Protein chains: 2
Amino acid sequence: MSPRAGLDTQTLVLAAAELADSGGFEQVTLASLAARLGVRSPSLYNHISGLDGLRTLVAEYGLEELYLAMSAGLAGKKGDAAVLAMGEAYVAFAGRRPGLYAMTLRAPQQSDTALQEAGNRILQLIIGVLAEYRLGTEGELHAVRGLRSILHGFAALHSIGGFGMPLDTAVSFQRLINTFLAGIRCMGEDAEEKA
Amino acid sequence: MSPRAGLDTQTLVLAAAELADSGGFEQVTLASLAARLGVRSPSLYNHISGLDGLRTLVAEYGLEELYLAMSAGLAGKKGDAAVLAMGEAYVAFAGRRPGLYAMTLRAPQQSDTALQEAGNRILQLIIGVLAEYRLGTEGELHAVRGLRSILHGFAALHSIGGFGMPLDTAVSFQRLINTFLAGIRCMGEDAEEKA
DNA sequence: TTGTTAAACTAATGGAATTAGTTTATATTA
DNA sequence: TAATATAAACTAATTCCATTAGTTTAACAA
């Protein structure tokens, strides 16, 4: 249209994220993004490096938003309450922005430093919230993997509507986190009893 | 090429599943499938209903294979051992056939009966393995959601190489399952103590 | 005011899915 | 055995998408 539409990279990324949320991953095409922005698709190349570049930027944006949501959920909480609040923020984010969450999982490049850093910040959040359980170096690493699996698994199934039954998913998640934390304590007690 | 290449639906589905495993989800195109089978892409329409139809069939096939793998892992085991063996079979399947596993998660249609049934058989397997823990109707439903989340979350992260650290993933998974089961027992004991 | 730059554009290419219509090998049947 | 019906391949053509090349023009700076 007009020779200056006032676009920039961030505008493209935000619009692409909304496209993902409303229409799913497949809807994120340069054609539909350009149409939404009132521009021809080649014009987008002034701001991004093709579709793969856009996907990478959206993934980074999604990880950043997820990090912010988890941090906000944490909000000065400690112990079990911190784990639960962080997890609930994670699941809520995936439910609120299903397309954006899905795009954070598709890593077009393994050698993408910015993407790795964004993922690392989230990892540090999870590590931090489990640190006070004093699991030892190795035990902590296993626990982090466990909690990541729980968060992603629940969020993904919840996000795609994989839980068919008419049962409050918030309760299911609380129970899952509580079960995990109770298991950590019990296993620790078992280990002490054996010692 | 020849007017009769001897193709049938199952051949297409198997080849598409291998394409998914070797090249990822994006590689499953009618063009590459046709090339692999030595045929022109329109010829595939004699056996499938376009790309969406193929994806649905591959998803059904993947769920069936996953069900068989989980059943085989179960193999007469009981209690904790059964949960662990079934879970390990699940994770191993996702690791062995990453593309096929990924395709089981994309549900093109919600109204696909065959796909729902395939998913239900897997759900029944999970329900069965948790039945002996006597959690009550509601508690069992929550536990099923929890175990499903754990299985999918761990499998997905493992399958896409999401666990970067040099630490045995098999041990991580054993610990996660044991923690979950210990948590179920501990929470049950807590409830009894309160009663 | 004039020149540079960046952001839009048009045009064109190539690849993918899909549809329509055609050919032909195989199977059925008279 | 010969004719016919069917199914599975084909070619041709359309549409949509990503991408590249080259062009125009608004905005900014000297």
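Return the residue satisfying two criteria in turn: it lies in segment B:13-52 and is part of a helix (DSSP H, G or I) and within 9 Å of DNA strand D (Cβ to nearest atom), and of such residues it is surrounded by the most Cβ atoms within 10 Å (Cβ to Cβ). Full working, then the answer.
The first filter runs over segment B:13-52 and keeps only residues part of a helix (DSSP H, G or I), leaving B:13-23, B:25-27, B:30-37, B:41-46, B:50-52.
With the extra rule that they be within 9 Å of DNA strand D (Cβ to nearest atom), the set shrinks to B:34, B:37, B:41-46.
Working: B:Ala34: 18, B:Leu37: 18, B:Ser41: 15, B:Pro42: 9, B:Ser43: 16, B:Leu44: 23, B:Tyr45: 11, B:Asn46: 11.
Once the filter is applied, the top-ranked residue is B:Leu44.
Note down all Cβ pairs under 8 Å where the first residue falls in segment B:1-20 and is over 15 Å from B:Gly38 (Cβ atoms) and within 14 Å of chain A (Cβ to nearest Cβ), the second is within 13 Å of DNA strand C (Cβ to nearest atom) and at pLDDT 95 or above, and they're at least six residues apart or on different chains.
The qualifying pairs do not exist here.
Give segment B:136-147 a look and list any residue that's touching a residue at least 24 places away in the same chain (Cβ under 8 Å) and within 7 Å of another protein chain (Cβ to nearest Cβ), or say none.
The initial filter retains those residues of segment B:136-147 that are touching a residue at least 24 places away in the same chain (Cβ under 8 Å), namely B:143, B:146-147.
B:Gly146 - this is the single residue of segment B:136-147 that is touching a residue at least 24 places away in the same chain (Cβ under 8 Å) and within 7 Å of another protein chain (Cβ to nearest Cβ).
Is one or more of the residues making up segment B:27-49 hydrophobic (A, V, I, L, M, F, W, C) and modelled with pLDDT under 95? Working first, answer last.
Filtering segment B:27-49 down to residues hydrophobic (A, V, I, L, M, F, W, C) leaves B:28, B:30-31, B:33-35, B:37, B:39, B:44, B:48.
Okay, now just the ones that are also modelled with pLDDT under 95, so none.
No, segment B:27-49 contains no residue that is hydrophobic (A, V, I, L, M, F, W, C) and modelled with pLDDT under 95.
Could you check B:Leu51 against (1) within 12 Å of DNA strand C (Cβ to nearest atom); (2) among the hydrophobic types (A, V, I, L, M, F, W, C); (3) closer than 30 Å to B:Arg175 by Cβ and say which number it fails?
Among (1) within 12 Å of DNA strand C (Cβ to nearest atom); (2) among the hydrophobic types (A, V, I, L, M, F, W, C); (3) closer than 30 Å to B:Arg175 by Cβ, the lone unmet condition for B:Leu51 is (3).
For segment B:147-167, give me the residue count where each residue is in contact with a Lys or Arg (Cβ under 8 Å, 6 or more places away or on another chain) and either within 18 Å of A:Ala170 (Cα to Cα) or not in a loop (DSSP other than H, G, I, E, B) (or both).
Number satisfying all stated conditions: 3.
Among the candidates A:Val144, A:Val129, single out the residue that is in contact with a Leu (Cβ under 8 Å, 6 or more places away or on another chain) and either more than 27 Å from B:Gly24 (Cβ to Cβ) or not in a helix (DSSP H, G or I) (or both).
On the way: A:Val144 fails: either more than 27 Å from B:Gly24 (Cβ to Cβ) or not in a helix (DSSP H, G or I) (or both).
Unique residue meeting the criteria: A:Val129.
Residues of segment A:53-65 being away from chain B (no Cβ under 14 Å) and either over 30 Å from A:Leu123 (Cβ atoms) or more than 9 Å from DNA strand D (Cβ to nearest atom) (or both), which ones?
Start the filter on segment A:53-65 by keeping residues that are away from chain B (no Cβ under 14 Å), which leaves A:53-54, A:56-58, A:60-62, A:64-65.
Listed by number, the residues that qualify are A:Thr56, A:Leu57, A:Val58, A:Glu60, A:Tyr61, A:Gly62, A:Glu64, A:Glu65.
Out of everything in segment A:104-126 that is in contact (Cβ under 8 Å) with a residue 24 or more places away in the chain and part of a loop (DSSP other than H, G, I, E, B), what residue ends up being surrounded by the most Cβ atoms within 10 Å (Cβ to Cβ)?
Among residues in segment A:104-126 that are in contact (Cβ under 8 Å) with a residue 24 or more places away in the chain and part of a loop (DSSP other than H, G, I, E, B), the one surrounded by the most Cβ atoms within 10 Å (Cβ to Cβ) is A:Ala107.
The values are calculated or read from the model by the stated rules, or taken from the named source; none is laboratory data. Everything numeric here is computed off the predicted structure, so don't read it as measured data. Glycine also receives a Cβ, built like all others from the backbone with ideal geometry; neighbour counts cover every protein chain displayed.
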